[in-house]
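Trainee: Pasting a structure here, questions to come.
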Amino acid sequence: MSQSPRRALIVIDVQNEYVTGNLLIEYPPVSESLANIGRAIDAANAAGIPVVVVQNDSPVGASLFAIGSPGWELHTVVSSRPYDHLIHKALPSAFVGTDLAQWLEARRIDTLSVVGYMTHNCDASTIFEATHRGLAVEFLSDATGSLPYANEAGQASAEEIHRVFSVVFHTRFAAVVSTARWQSAVEEGVALSRSSIPASNQQAVQRP
């Protein structure tokens, strides 16, 4: 019988900047992702899964996430709930310049469940690094989110960015599931599986 995953829920940058500030999450709708983040934290606390909260810091006076500013503060969906560890970071990956790797190793965590913002930036950086460090990863796609971009390279809607990153994650880096599916897996004590690059490619090329 396979051993149940030793999960930690990592709540990445759920700060007011993304809700009422200068970087508004568009897809999935932020009200929906915030509600699911709250559900995931509640489920983790009920199941004894440690919750790690990550807060992005920028210098005082910066245009985004300036320490002490309203946009820098954790959203109440996170600050009103219990959590086990708080990490402050200055770069996208929650592993860089923090004690996250050591904290997880000390608790023999083998599976990192990711919620928060943004899908394509801090979530992606953390997911990629977690995979490289040998951790299994789960991405709760309705408890995360993106915003649109346009620059010299082109443009993409928030939905496109979130959808494409989710597909890429599921091929190699993370099991991409809904919050409800994750809660069921937690209750059942089972691991969640992802696809693979060959399988995902074959499924795509064989589509009519």
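Trainee: Looking only at segment 39-62, which residues are closer than 17 Å to Val177 by Cβ, out of contact with any Leu (no Cβ under 9 Å at 6 or more places or on another chain) and small (Gly, Ala, Ser)?
Mentor: Ala47
Trainee: Any idea which of Val137, Val168 is closer than 28 Å to Ala204 by Cα and either surrounded by fewer than 22 Cβ atoms within 10 Å (Cβ to Cβ) or free of Cβ contacts under 8 Å to residues at least 24 places away in the same chain (or both)?
Mentor: Val168
Trainee: On to the next question. Only one of these conditions is not met by Val176: (1) among the β-branched types (Val, Ile, Thr); (2) under 13 Å from the mean Cα position of the chain (by Cα); (3) loosely packed, with under 13 Cβ neighbours inside 10 Å. Which number is it?
Mentor: Single failed check for Val176: (3).
Conditions tested, residue by residue: (1) within 20 Å of Leu147 (Cα to Cα); (2) part of a loop (DSSP other than H, G, I, E, B); (3) modelled with pLDDT under 95.
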{"position": "Ser33", "(1), (2), (3)": "yes, no, no"}
{"position": "Ile37", "(1), (2), (3)": "yes, no, no"}
{"position": "Ala40", "(1), (2), (3)": "no, no, no"}
{"position": "Ala44", "(1), (2), (3)": "no, no, no"}
{"position": "Gly68", "(1), (2), (3)": "no, yes, no"}
{"position": "Gly71", "(1), (2), (3)": "yes, yes, no"}
{"position": "Pro82", "(1), (2), (3)": "no, yes, no"}
{"position": "His88", "(1), (2), (3)": "no, no, no"}
{"position": "Ser93", "(1), (2), (3)": "yes, yes, no"}
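Trainee: Has segment 149-163 got at least one residue that is outside any loop (DSSP other than H, G, I, E, B) and within 20 Å of Gln55 (Cα to Cα)?
Mentor: no
Trainee: Among the residues of segment 1-31, which ones are aromatic (Phe, Trp, Tyr), part of a helix (DSSP H, G or I) and either farther than 21 Å from Ala94 by Cα or in contact with a Cys (Cβ under 9 Å, 6 or more places away or on another chain) (or both)?
Mentor: Passing the criteria: none in range.
Trainee: Filtering segment 95-113 down to residues that are in contact with a strand residue (DSSP E or B) (Cβ under 8 Å, 6 or more places away or on another chain) and not in a loop (DSSP other than H, G, I, E, B), which residue is surrounded by the most Cβ atoms within 10 Å (Cβ to Cβ)?
Mentor: Result: Ser113.
Trainee: Would you confirm whether or not segment 188-207 contains a residue that is touching a helix residue (DSSP H, G or I) at 6+ places or on another chain (Cβ under 8 Å), farther than 20 Å from Gln3 by Cα and touching a residue at least 40 places away in the same chain (Cβ under 8 Å)?
Mentor: No, that holds for no residue.
Trainee: Also, I was wondering about something else. Just to be sure I understand, how many residues within segment 125-146 are part of a strand (DSSP E or B) and touching a strand residue (DSSP E or B) at 6+ places or on another chain (Cβ under 7 Å)?
Mentor: Residues flagged as part of a strand (DSSP E or B) and touching a strand residue (DSSP E or B) at 6+ places or on another chain (Cβ under 7 Å) within segment 125-146 amount to 10.
Trainee: Residues being closer than 29 Å to Ile25 by Cα and outside any helix (DSSP H, G or I): count how many of those fall in segment 164-190.
Mentor: 5
The values are calculated or read from the model by the stated rules, or taken from the named source; none is laboratory data. Computed from a prediction, not measured in an experiment: that's the story for all the values here. Quick reminder, even Gly has a Cβ in these numbers, built from the backbone with ideal geometry, and neighbours come from all protein chains shown.
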